[in-house]
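Accompanying notes for the structure given below.
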Amino acid sequence: QVQLVESGGGLVQAGGSLRLSCVASGRTFRNYAMGWFRQAPGKEREFVAAISWSGGSTYYADPVKGRFTISRDNAKNTVYLQMNSLKPEDTAVYYCAAEASFPGTVVADGSEYDYWGQGTQVTVSS
């Protein structure tokens, strides 16, 4: 079992920045590919970014390319999402997720992820 806890969400003005953190813990330590997803009220969950835990590859959804950066610190079991130039349409609950089967890859399909955090709210005001 893996537990994921997100933090760092909050209220920010358009054009501002936030850094989200996701800390992983559990009885069994494994290398995981990690992803960030988001869901706005009344909307379906959408992919944001992914990173391979051991390989260092990253992949971003088109709406966030050039603005968001996913990174990792394996010694701290933590994945980050640096969000710059935030827009009101970025407002959502942001979830981190762990993919256990293919840690050397980047995965955009949420159905492929094995563990999910509870989410952290990001609100971007105009």
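The values are calculated or read from the model by the stated rules, or taken from the named source; none is laboratory data. If you're wondering where the values come from, they're calculated on a predicted model, not measured in any experiment. Cβ: placed from backbone, ideal geometry, glycine included. Neighbour counts: every protein chain shown. To get the accessible areas, we keep the full protein, side chains included, count just its heavy atoms, and leave off ligands, DNA and RNA. Shrake-Rupley method; radii C 1.70, N 1.55, O 1.52, S 1.80 Å.
Evaluate the range 40-49: report whether one residue or more is buried (at least 22 other Cβ atoms within 10 Å of the Cβ) and either under 12 Å from the mean Cα position of the chain (by Cα) or more than 23 Å from THR91 (Cβ to Cβ) (or both). Looking through the range 40-49, at least one residue is buried (at least 22 other Cβ atoms within 10 Å of the Cβ) and either under 12 Å from the mean Cα position of the chain (by Cα) or more than 23 Å from THR91 (Cβ to Cβ) (or both).
Would you check if there is a residue in the range 56-65 being among the aliphatic types (A, V, I, L, M), open to solvent by less than 40 Å² (accessible area, probe 1.4 Å) and in contact with a helix residue (DSSP H, G or I) (Cβ under 8 Å, 6 or more places away or on another chain)?
Of the range 56-65, the ones among the aliphatic types (A, V, I, L, M) are 61, 64.
After this cut, where a residue has to be open to solvent by less than 40 Å² (accessible area, probe 1.4 Å) as well, the list is 61, 64.
Okay, now just the ones that are also in contact with a helix residue (DSSP H, G or I) (Cβ under 8 Å, 6 or more places away or on another chain), so 64.
Checking the range 56-65: at least one residue is among the aliphatic types (A, V, I, L, M), open to solvent by less than 40 Å² (accessible area, probe 1.4 Å) and in contact with a helix residue (DSSP H, G or I) (Cβ under 8 Å, 6 or more places away or on another chain).
Got at least one residue in the range 98-112 being in a helix (DSSP H, G or I), out of contact with any Asp or Glu (no Cβ under 8 Å at 6 or more places or on another chain) and surrounded by 15 or more Cβ atoms within 10 Å (Cβ to Cβ)? For the range 98-112, residues in a helix (DSSP H, G or I), out of contact with any Asp or Glu (no Cβ under 8 Å at 6 or more places or on another chain) and surrounded by 15 or more Cβ atoms within 10 Å (Cβ to Cβ): present.
Between ASP73, ASP109, ASP62, which is at pLDDT 95 or above and among the charged types (D, E, K, R)?
Values: ASP73 fails: at pLDDT 95 or above; ASP109 fails: at pLDDT 95 or above.
Just one listed residue meets the conditions, ASP62.
Pairing each residue of the range 80-102 that is without any contact (Cβ under 8 Å) to a residue 60 or more places away in the chain with any residue that is open to solvent by 40 Å² or more (accessible area, probe 1.4 Å) and among the acidic types (Asp, Glu), provided the two are 6+ apart or on different chains, yields C-beta distances under 8 Å for SER101/GLU112; SER101/ASP114.
VAL12: touching a Pro at 6+ places or on another chain (Cβ under 9 Å) and either exposed (fewer than 15 other Cβ atoms within 10 Å of the Cβ) or under 14 Å from ALA92 (Cα atoms) (or both), yes or no? Even if it seems obvious, please write down each step before you answer.
Numbers: touching a Pro at 6+ places or on another chain (Cβ under 9 Å): no; either exposed (fewer than 15 other Cβ atoms within 10 Å of the Cβ) or under 14 Å from ALA92 (Cα atoms) (or both): yes.
The answer is no for VAL12.
Answer yes or no as to whether GLN118 is closer than 20 Å to GLY8 by Cα, in contact with a Ser or Thr (Cβ under 9 Å, 6 or more places away or on another chain) and either open to solvent by 40 Å² or more (accessible area, probe 1.4 Å) or not in a loop (DSSP other than H, G, I, E, B) (or both). So GLN118 fails the test. For the range 85-92, the criterion of a residue being in contact with a Leu (Cβ under 9 Å, 6 or more places away or on another chain), within 16 Å of PRO63 (Cβ to Cβ) and part of a loop (DSSP other than H, G, I, E, B) is satisfied by at least one position.
Condition (residue is within 14 Å of the chain's Cα centre (by Cα), farther than 15 Å from CYS96 by Cα and open to solvent by less than 50 Å² (accessible area, probe 1.4 Å)) applied to the range 70-80: is it met by at least one residue? No - not one qualifying residue is present in the range 70-80.
Count of the range 8-54 residues, restricted to those that are part of a loop (DSSP other than H, G, I, E, B) and at pLDDT below 90, is 9.
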